[in-house]
Each structure stands twice: as structure tokens, then as C-alpha cells.
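Heads up: the structure comes next, in C-alpha cells.
Here, each number is a calculation from the coordinates, and none is a lab measurement. In this text the structure is predicted, and so the values were computed from the model without any measurement. Cβ sites come from the backbone with ideal geometry, for glycine too, and all protein chains shown count toward neighbours.
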Amino acid sequence: AVQATFKSIRSLVPLLDRFLVQCFKPETKTATGILLPTSATSSPLPEATVIAVGPGAPDKEGRIVLSLVKAGDRVLLHGWGGNAIKVGEDEYHLFKDSEILAKIEE
């Protein structure tokens, strides 16, 4: 992951059709205190919370196509891809809008 030089992730504004997410960290311990192995806590398709969304990218006619997600949405992503950004102890990822597999609505 790239170590960021800014103090707050809120100062990072995605461009075009990119969005910034923070992936959910799986529980490594059960409620009774039993430690879980990595194989039991790794998800093949990570869930993430959208932190910030770019303004959209132009289509072939030059019209701006807005993102399908907004800040606060929960999304399902590929298990690979995106650009990792580390701010302090927290890790975030930048993805393109087309890399979203699904929006989680609950």
C-alpha cells in the first residue's frame, strides 16, 4: 500500500468515475474469544463502504455519466484490483465505477 502524505482521508477527492472505499475487516475472534484462522476470515468478494465518489466520466458524446453509488453505500468488489492507500493505520482503496460487482441494499 502507498503511504499517504495527507493527514485525513477526507482531503482525498476521487476524479472521473473513481470512488474511494474502506473494506470491512473480518472478525478474527469469536464472541467467546476463540481466534479464527485466516482461511476462515477471508472473503472471496470483499465488502466495502464508499467514502467518496468522483464527479463521473464523459461518455462518447461528451456527456457526464454519474456513478451508480454514493458516499455511505455498501458495495461488493472483486477480491483484487483497485489502488491501496494507507492513512495512519487505516487502509483505503480507489476503484473505477465499472469494478463494482453489486450494491448491497439492506
How many nm is it between the label spots at residue 86 and residue 103, if each spot is 7 Å from the Cα in line with the beta carbon?
3.3 nm
Simple label model, 7 Å out from Cα along Cβ direction - residue 70 to residue 15, nm:
2.6 nm
Expected vector for region 56-62, Karplus 3J(HN,Hα) from phi with 6.51, -1.76, 1.60 and θ = phi - 60°, integer Hz, x for Gly and Pro, equals x, 10, x, 8, 5, 8, x
